[in-house]
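Data first, discussion second: the structure below is written as structure tokens.
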Amino acid sequence: MRIYLDFNATAPVAPEVQDAVARAMRDDFGNPSSVHAFGQRAKATLDEARSHVAALIGGDPAEIVFTSGGTESDNLSIRGAFEAARTSGRRRLVTSGIEHEAVLNTVKALTAHGAEVVTVPAGRDGIVDVDAMAAAVTPETALVSVMLANNEVGTIQPVQRIADICHQHGAWLHTDAVQAAGKIPVSVRALGVDLLAMSAHKFSGPKGIGALWIRRGVRLMSQATGGRQERNRRGGTENVPAIAGMGVAARLAREALDRDALSATARLRDRLERGILETIEGTAVNGAPDRRVPNTTNISFDGIEAESLLIALDLEGIAVSTGSACSSGTLEPSHVLRAMGLPQAFARNSLRFSLGSTTTDQEIDLVLTVMPALVTKLRRLGRTAAALR
Amino acid sequence: MRVVVAMSGGVDSSVAAGLLAEAGHDVIGLSMQLYDQRASPEAFGSCCSLDDLHDARRVAGALGFPHYILNFEREFHATVVDRFVSEYAAGRTPIPCVQCNSDLKFQTLADRAAGFGAAAVATGHYARVVFDEDGRRYRLLRGVDAGKDQSYFLFSLTQDHLAHAMFPVGHLSKTDVRKHAERLGLSVAGKPDSHEICFIPDGDTAGFVERHLPADDRTGDIVDSGGRVLGRHRGVHRLTIGQRKGLGLSTGTPMYVLKLDPADARVTVGPREELGRRDLTASRVNWIAGDPPTAPRPLTARIRHRHHDAPAIVTPDGDARAIVRFASPQMAVTPGQAVVFYDGEECVGGGWIDT
């Protein structure tokens with residue numbers, strides 16, 4: 001039996017989603033821009049999906065632009081906003097150190113185009129420092145980008161308070177909600193954000209499809225110029241099957257949130273976390289335990305290379321993760337844990353467990369049975385190796 | 001048996017892994033990322049570039065066993081690169097592949113392998129390991145393919161290493177290895193061999209040393225054995241013993257580098273007949289059997305990977321040192337290189353050339 005505890009990397013595709021993708025591929029092959037009946041049918045599929053995606057975050061369907069995923073949504077948002085605001089003299093981009101690389105590397109790339117980037121730290125609790133944010137946002141700020149939920153430790157960010165700060169200075173707020181959408185109730189109006197990015201495959205939709213919610217009135221420079229698809233905001237024929245799948249995934253996610261299905265995931269997560277902390281010495285949870293998405297826990301193991309523990313667990317059939325993987329797929333010290341001010345060792349010895357709707361009590365039992373012995377063994381070998389050198 | 005295979009992405013380690021998998025072993029492929037592939041200004045060359053890591057992954061995928069890439073940047077820097085740079089600065093000519101093989105591939109990988117429940121570490125080296133029932137010990141033998149033999153790089157292995165080591169291609173010729181690669185349908189079957197130092201793909205060793213260990217002025221005098229100044233050089237790290245080209249001298253007879261003296265940046269040169277030496281001393285000597293011989297031992301010794309070994313008497317000299325006296329003069333005995341001892345087919349040990 002293999003146990004999958006890496007839902008923050010990607011979630012298994014829901015059967016209803018698989019069916020919707022196959023159906024759209026088979027029946028809705030028309031080009032949504034075409035005038036004829038084939039085109040109209042594909043357009044109808046598109047519109048239905050757009051409504052479901054908008055409903056997941058409390059937005060209006062007309063405010064949704066489909067993209068190839070979270071990374072493209074972040075790029076369209078940040079680059080599009082920066083280019084639009086540059087003419088008015090706003091060149092500052094403010095973000096946090098715990099953002100996903102899709103945000104960090106995009107703002108970094110814009111420094112070559114005149115952007116002045118300010119990166120605000122997070123506290124040990126994995127929450128972005130709001131006071132530092134208030135100090136960083138100025139009348140010259142074009143855009144602030146702060147994630148709604150962190151991918152590695154799961155902490156939920158004070159986006160609403162940051163939105164107030166932004167709007168005092170006339171800056172836009174973009175939030176990467178890739179790890180929040182489908183895990184917690186999200187309302188773009190309550191948050192007060194201007195732009196919100198999401199990705200379908202994180203909530204059991206297909207890969208290669210995502211969306212950017214753009215508040216009505218926010219003008220971005222298009223990053224993919226071409227045809228007039230997506231209200232002129234992203235050229236290119238729409239990926240109808242994937243969009244149909246995202247629509248169904250969004251509907252399922254909203255229904256699950258409505259019936260509070262995620263509290264079951266939270267209960268399993270808490271049981272896993274408690275079990276590890278109680279049976280394995282030298283373990284600690286990273287990030288504020290009471291301000292997290294319900295499915296994620298990030299735990300550090302003293303005296304262990306997370307890399308080795310991850311591989312040893314995989315050989316036992318248990319799939320977990322650490323920070324972001326780099327180009328070769330190796331693990332590197334987590335930039336998120338470092339931005340939280342945790343010592344270098346923590347950034348190397350922490351594992352992320354992220355659960356999902358298909359996780360069971362039996363799976364958690366098995367993980368809790370396997371882990372203590374594995375950790376003990378790796379610690380013993382690590383000490384022997386260190387002593388030999 | 002569960003076996004960890006160190007996979008570089010090349011044909012030798014790929015075939016090693018393939019043969020073990022075919023024999024029914026529970027193979028786990030491990031590759032080492034030795035450099036930050038994104039941040040480094042030095043694109044990686046032959047041994048461990050991103051493409052090579054992907055090649056290794058592809059082979060594992062095709063053969064159906066798990067493969068992981070371990071981040072060994074810190075270890076590689078500490079055990080290989082730093083030492084490489086400081087050796088050059090100290091007027092020696094280092095051979096980083098030995099540290100990489102023994103300290104990284106065997107020691108660190110063996111540590112990790114044990115954690116994964118593996119009983120052995122296999123590599124694609126052309127060498128053999130056999131258990132000597134009479135002597136109750138492991139013996140390291142040359143690879144069967146004399147042209148590819150890599151036992152030189154493995155002289156610092158211990159009995160403990162060898163007890164867990166497997167060299168699945170050591171009994172094969174390179175031609176046979178390529179045939180196996182084709183038979184197994186491996187994508188790397190036609191991949192060329194690597195030669196240069198993997199972390200210096202452009203071959204500019206001097207530039208690498210200068211970037212990692214900046215200094216204002218490295219220039220100095222070139223003198224002959226009598227101390228007469230013949231010219232100037234741009235740094236001892238740019239030269240190696242036996243080098244003739246690039247000295248910029250206009251003497252009548254060809255002059256060769258005889259000695260590098262980093263303390264006063266002095267380089268001594270001389271005609272070819274002064275280059276030969278019969279004696280050398282070595283330190284950090286490893287005897288693979290465990291204990292050093294109790295008396296001077298007639299062996300053959302090799303002073304560079306690409307050289308042939310030559311008859312010599314090796315005399316242990318306390319504390320992991322040895323004195324090597326060759327039967328005939330050897331050209332270009334170079335401090336920093338390894339001297340490796342053989343008894344017929346068996347690699348019995350070796351050390352680092354001091355003088």
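The values are calculated or read from the model by the stated rules, or taken from the named source; none is laboratory data. Quick caveat, the model's predicted, so the values are computed rather than measured. Quick reminder, even Gly has a Cβ in these numbers, built from the backbone with ideal geometry, and neighbours come from all protein chains shown.
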Tell me yes or no: at least one residue of the range B:96-117 is over 22 Å from A:THR322 (Cβ atoms), of a type in the set (D, E, K, R) and modelled with pLDDT of 85 or more. no
Positions within the range A:31-45 being surrounded by fewer than 24 Cβ atoms within 10 Å (Cβ to Cβ) and touching a residue at least 24 places away in the same chain (Cβ under 8 Å), in sequence order: A:ASN31, A:PRO32, A:SER33, A:THR45
Checking A:ALA171 against (1) surrounded by fewer than 23 Cβ atoms within 10 Å (Cβ to Cβ); (2) more than 19 Å from A:HIS335 (Cβ to Cβ), which test does it fail? (1)
Taking the range A:70-89 on its own, how many of its residues are of a type outside the set (Asp, Glu) and surrounded by fewer than 23 Cβ atoms within 10 Å (Cβ to Cβ)? 8
Output yes when any residue across the range B:88-102 is aromatic (Phe, Trp, Tyr) and either part of a loop (DSSP other than H, G, I, E, B) or within 14 Å of another protein chain (Cβ to nearest Cβ) (or both), and no when none is. no
Can you tell which of B:ARG228, B:ARG211 is out of contact with any Pro (no Cβ under 9 Å at 6 or more places or on another chain) and at negative phi? B:ARG228
Among the residues of the range A:220-235, are any closer than 20 Å to A:MET371 by Cα, of a type in the set (A, V, I, L, M), surrounded by fewer than 22 Cβ atoms within 10 Å (Cβ to Cβ) and under 23 Å from the mean Cα position of the chain (by Cα)? no
Residue among A:VAL17, A:VAL13 that is within 22 Å of A:LEU262 (Cβ to Cβ), buried (at least 23 other Cβ atoms within 10 Å of the Cβ) and hydrophobic (A, V, I, L, M, F, W, C): A:VAL17
Listed by first then second residue, the pairs whose first member lies in the range A:72-94 and is acidic (Asp, Glu), whose partner is surrounded by fewer than 23 Cβ atoms within 10 Å (Cβ to Cβ), with beta carbons under 6 Å and at least 6 positions apart or on separate chains, are A:ASP74/A:ALA102; A:GLU83/A:MET221
Mind listing whichever residues of the range B:305-337 are within 25 Å of B:THR268 (Cβ to Cβ), hydrophobic (A, V, I, L, M, F, W, C) and at pLDDT below 95? B:MET331, B:ALA332, B:VAL333
Taking the criterion of being within 21 Å of the chain's Cα centre (by Cα), in a loop (DSSP other than H, G, I, E, B) and either free of Cβ contacts under 8 Å to residues at least 40 places away in the same chain or surrounded by 20 or more Cβ atoms within 10 Å (Cβ to Cβ) (or both), would at least one residue in the range B:174-189 satisfy it? no
Just to be sure, is B:ASP134 more than 14 Å from chain A (Cβ to nearest Cβ) and in contact with a Gly (Cβ under 8 Å, 6 or more places away or on another chain)? no
Quick test for you: out of B:LEU247, B:LEU162, B:LEU230, pick the one residue that is in a loop (DSSP other than H, G, I, E, B) and out of contact with any Gly (no Cβ under 6 Å at 6 or more places or on another chain). B:LEU247
With under 23 Å from A:MET147 (Cβ atoms) and among the small types (Gly, Ala, Ser) as the only criterion, which of A:SER88, A:SER96 stands out? A:SER96
From the list A:PRO333, A:PRO294, which one is at pLDDT below 95, in contact with a Lys or Arg (Cβ under 8 Å, 6 or more places away or on another chain) and surrounded by 18 or more Cβ atoms within 10 Å (Cβ to Cβ)? A:PRO333
All but one of (1) free of Cβ contacts under 8 Å to residues at least 40 places away in the same chain; (2) closer than 26 Å to B:GLY349 by Cα hold for B:GLY226; state the number of the condition that does not hold. (2)
Quick check: anything in the range A:81-93 over 18 Å from A:ASN239 (Cβ atoms) and among the β-branched types (Val, Ile, Thr)? yes
How many residues are assigned to a loop (DSSP other than H, G, I, E, B) and either loosely packed, with under 15 Cβ neighbours inside 10 Å or without any contact (Cβ under 8 Å) to a residue 12 or more places away in the chain (or both) if we restrict to the range A:274-288? 2
Positions within the range B:139-155 being within 22 Å of B:ARG284 (Cα to Cα), touching a Lys or Arg at 6+ places or on another chain (Cβ under 8 Å) and not in a helix (DSSP H, G or I), in sequence order: B:LEU140, B:LEU141, B:ARG142
What number of residues within the range B:250-268 are part of a strand (DSSP E or B), within 14 Å of B:MET331 (Cα to Cα) and of a type outside the set (Phe, Trp, Tyr)? 3
Check the range B:108-115 and report whether any residue there is among the hydrophobic types (A, V, I, L, M, F, W, C), touching a residue at least 24 places away in the same chain (Cβ under 8 Å), touching a His at 6+ places or on another chain (Cβ under 9 Å) and more than 10 Å from chain A (Cβ to nearest Cβ). no
Return the residues of the range B:283-309 that are assigned to a strand (DSSP E or B) and surrounded by fewer than 16 Cβ atoms within 10 Å (Cβ to Cβ); say none if nothing qualifies. B:SER283, B:ARG284, B:PRO298
What do you reckon, is A:SER321 surrounded by fewer than 24 Cβ atoms within 10 Å (Cβ to Cβ), away from chain B (no Cβ under 12 Å) and within 27 Å of A:VAL120 (Cα to Cα)? yes
With the condition kept exactly as written, say whether any residue in the range A:172-192 is in contact with a helix residue (DSSP H, G or I) (Cβ under 6 Å, 6 or more places away or on another chain) and acidic (Asp, Glu). yes
Looking at the range A:188-202, can you tell me whether even one residue there is out of contact with any strand residue (DSSP E or B) (no Cβ under 8 Å at 6 or more places or on another chain) and not in a helix (DSSP H, G or I)? no
The lone condition A:GLU101 fails out of (1) among the acidic types (Asp, Glu); (2) touching a Ser or Thr at 6+ places or on another chain (Cβ under 7 Å); (3) under 19 Å from A:ALA163 (Cα atoms) is (3)
Among the residues of the range B:116-125, the number that are in contact with a strand residue (DSSP E or B) (Cβ under 8 Å, 6 or more places away or on another chain), crowded, with 20+ Cβ neighbours inside 10 Å and either away from chain A (no Cβ under 14 Å) or part of a helix (DSSP H, G or I) (or both) is 3
I'm checking my understanding of the structure. Among residues of the range B:338-355 that are assigned to a loop (DSSP other than H, G, I, E, B) and of a type outside the set (S, T, N, Q), which one is nearest to B:VAL267 (Cα to Cα)? B:ASP354
Determine whether A:SER222 is touching a Lys or Arg at 6+ places or on another chain (Cβ under 6 Å) and polar (S, T, N, Q). yes
